[in-house]
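See structure below.
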Amino acid sequence: MPSVEMTTDLDRRFQSLHVLDNLTITAAARRAGVSNKRLFASRGPRALDLLATPGLNVSGGVKYNPDGSRWSPGAMAAKAGSIYAVHKRQDVGTREKLQEKWSRKTLFGRVHVWDLMQLLHFTIDHSDHILHYTSQLIHCLQVYNGITRTSFDPNKYDARYKRDMQIAAVIHDLGKLLTLFGEQDGNVDCMNRLIQHTLPNANESGACGLANMQIQWNHDEYGYQKLRRNLRLPRRVLATVRTHSLREIGGPSLRVFKWQWDEFSAHLTPEDKEDIPFVMHMRLFDQKTKRRTDVVPDVDIAEVLQLLEEYFEDGMLEW
Ligand SMILES: [Fe+2]
Ligand SMILES: [Fe+2]
């Protein structure tokens, strides 16, 4: 009897990465006007090579049932509860430990940002039952497309606004790569809260600012710690990476009581107040562009490479 070839979910992720890799070579060569070989000789390793990085477990970023099938959306919603339970247990000590464990550790060395992004194709956010098995690469490109296709009123927004939103979209979830290195979902995914009872008294000590608040740790803070050394990234873009998951910045809501907001907002600096509307605007795209799919969105890769080179020297960074 002929054997039946089973294509697993992971196989399919590899296949789309191969396609993307070929498209990238074509796009990069078209932009640079040089042969592929010369172009890539000057660059760090590509996404497919990065998969062989010591400590990286390519099957660590997406979990399945024991038989290899996907969890149902309902089952994923139920798992989200246990992921959030881990996240909610974080205290100041946990935050410090995670910061110590990951933020100063070099995982890849100097790499192209587009290569890092492609690795996100092997990660999903298990606390997000809307996206379900949609990869974080697809998600970031959905957000990028949503912003790219929107026109921003020049009377309302400054000249760099859209460009800054586009780069924020592309890089905002890079920190989710940590699940490929074994960090548990509860410390990588989820929305964040201020850790309870950690704010000093604003009347006595003045506003401590978002940068000094004890916020639950996830891909936001990790991504920020990796990106902050890049001086080309504007403050509002770094603020987006660092706080896009923070519930409190959205103001009073079902989850943030008025008194909590009053206490929190008393600690914001003028710079925080200037950045928050930008972060919230980007968060709107982050949430509203979510579509459950396995198809990598149609993006002009040459345009994305151009964007990355505007904000990163040669499109590369230390990670
Ligand atoms: Fe995020
Ligand atoms: Fe996101």
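The values are calculated or read from the model by the stated rules, or taken from the named source; none is laboratory data. For clarity, every value in this text was computed on a predicted model and none was experimentally measured. Note that we place each Cβ from the backbone using ideal geometry, even for glycine, and neighbour counts take in every protein chain shown.
Values as computed for the structure displayed
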| read-out | value |
| --- | --- |
| From His139, His132, residue being within 13 Å of ligand 1 (Cβ to nearest atom), within 30 Å of Gln118 (Cβ to Cβ) and touching a residue at least 40 places away in the same chain (Cβ under 8 Å) | His139 |
| Options Tyr133, Tyr144; residue that is closer than 21 Å to Tyr224 by Cβ and of a type in the set (Phe, Trp, Tyr) | Tyr144 |
| Residue ranges of helices (runs of 4 or more DSSP H) in region 195-263 with at least 3 members more than 30 Å from Tyr311 (Cα to Cα) | 202-205 |
| From the options Gln214, Gln196, residue that is more than 16 Å from ligand 2 (Cβ to nearest atom) and free of Cβ contacts under 8 Å to residues at least 60 places away in the same chain | Gln196 |
| Matching residues, region 261-275, being touching a residue at least 24 places away in the same chain (Cβ under 8 Å) and either over 30 Å from Leu120 (Cα atoms) or within 16 Å of ligand 1 (Cβ to nearest atom) (or both) | Glu263, Phe264, Ala266, His267, Leu268, Thr269, Glu271, Glu274 |
| Test for Arg228: is it closer than 22 Å to Leu317 by Cα and free of Cβ contacts under 8 Å to residues at least 24 places away in the same chain | yes |
| Matching entry among His172, His121 (being away from ligand 2 (no atom under 14 Å from the Cβ), touching a Ser or Thr at 6+ places or on another chain (Cβ under 7 Å) and either at pLDDT 95 or above or not hydrophobic (A, V, I, L, M, F, W, C) (or both)) | His121 |
| Check on Gln184, over 24 Å from Arg163 (Cβ atoms) and at pLDDT 95 or above | yes |
| In region 62-109, the residues that are surrounded by fewer than 14 Cβ atoms within 10 Å (Cβ to Cβ), among the polar types (S, T, N, Q) and not in a helix (DSSP H, G or I) | Asn65, Ser69, Ser72, Thr106 |
